[in-house]
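The values are calculated or read from the model by the stated rules, or taken from the named source; none is laboratory data. Only a predicted model underlies this, so the values are computations on that prediction, with no experimental measurement involved. All Cβ positions, even for glycine, are placed from backbone atoms using ideal geometry, and neighbour counts span all protein chains on display.
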Amino acid sequence: MQLRNPKEVTTEEYNEFYKKTFNEYLEPLASSHFTTEHVVYDNYLPTGFVNGALHWVASNGGDRNSFRSLIVAFDMGGEVFRDIMMPQAVANKDVTNLAVMVMGTSLALVEYQRFWQSEYCWVWEMKEYGEAESWSRLYNIDMRERIRNVVGLRKNNEVFLTARVKGLVSYDPITKEIKCLGIHGTNRGFYANTHVETLVLLKGVCGVLGQASSSNAMADEGDPL
């Protein structure tokens, strides 16, 4: 949608995009449309929201010699796009093998060996937001035991994964222990999102202040449910 002419996008498409991105069932009160020069991918994964911005995996659209993967961020306050560079070791990877996520209050990146039925994946964390030199590869996950994909990352280092037959599981990258959560569904039908209590001024809607909902189920602030 980011590459389309705003005049060609319908209200229904804006509403669907909003509900999918923010896991909402209500329609947005208003919308604004800005375009970016990069090719943006979502791979049916939730968008990473951290530091007041939405993040997508993208590419510069170049040929084999100039191709580069990167992260596109859309600042919700300033309503502007900006580029965030990926780790050098990942910059030339196929974008379909990458997923941007949130780890607590940090931007994170999951690098898959391949898009489907990957045997391994690696988790990266950006220690200092916006600083490409601060990317650090934290650990790898062995996915050969019917693990399909990473759903979410928690501040306590646990990882939500989907597994064949077992459904949604919790994985400890230190002990390598996998716990079944008793939640079943399709491999790519799960997602996790972060919820942080905050006050947001809704511009242009009577100046109303809205408070983001919080949940008692959160283990600590910034954790996915």
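Taking ALA132 as the residue in question, decide whether it is in contact with a strand residue (DSSP E or B) (Cβ under 6 Å, 6 or more places away or on another chain), closer than 14 Å to ALA192 by Cβ and of a type in the set (Gly, Ala, Ser). No: the conditions fail for ALA132.
Taking (1) in contact with a helix residue (DSSP H, G or I) (Cβ under 6 Å, 6 or more places away or on another chain); (2) at pLDDT 90 or above; (3) under 29 Å from LYS179 (Cβ atoms) in turn, MET85 satisfies each apart from (3).
Residues that are farther than 19 Å from GLU111 by Cα and basic (Lys, Arg) within the range 156-195 comprise ARG164, LYS166, LYS179, listed in sequence order.
Name every residue in the range 88-143 that is surrounded by fewer than 17 Cβ atoms within 10 Å (Cβ to Cβ) and of a type in the set (Gly, Ala, Ser), in order of residue number. Listed by number, the residues that qualify are ALA89, ALA91, GLY130, ALA132, SER134, SER136.
Among residues of the range 133-180 being without any contact (Cβ under 8 Å) to a residue 12 or more places away in the chain and within 20 Å of VAL90 (Cα to Cα), the one that is farthest from the chain's Cα centre (by Cα) is GLU133.
Of the residues that make up the range 63-71, is at least one surrounded by 14 or more Cβ atoms within 10 Å (Cβ to Cβ), within 24 Å of GLN113 (Cβ to Cβ) and modelled with pLDDT under 80? Checking the range 63-71: at least one residue is surrounded by 14 or more Cβ atoms within 10 Å (Cβ to Cβ), within 24 Å of GLN113 (Cβ to Cβ) and modelled with pLDDT under 80. Can you name the residue in the range 140-151 that is at pLDDT 90 or above and of a type outside the set (A, V, I, L, M) and is also farthest from LEU109 (Cα to Cα) among such residues? By that ranking, first place goes to ASP142. Is there a residue in the range 22-30 that is within 22 Å of MET101 (Cβ to Cβ), in a loop (DSSP other than H, G, I, E, B) and modelled with pLDDT under 85? So far as the range 22-30 goes, yes, one or more of its residues are within 22 Å of MET101 (Cβ to Cβ), in a loop (DSSP other than H, G, I, E, B) and modelled with pLDDT under 85.
Residues in the range 70-127 that are of a type in the set (Phe, Trp, Tyr), touching an Asp or Glu at 6+ places or on another chain (Cβ under 9 Å) and not in a strand (DSSP E or B): PHE115 alone.
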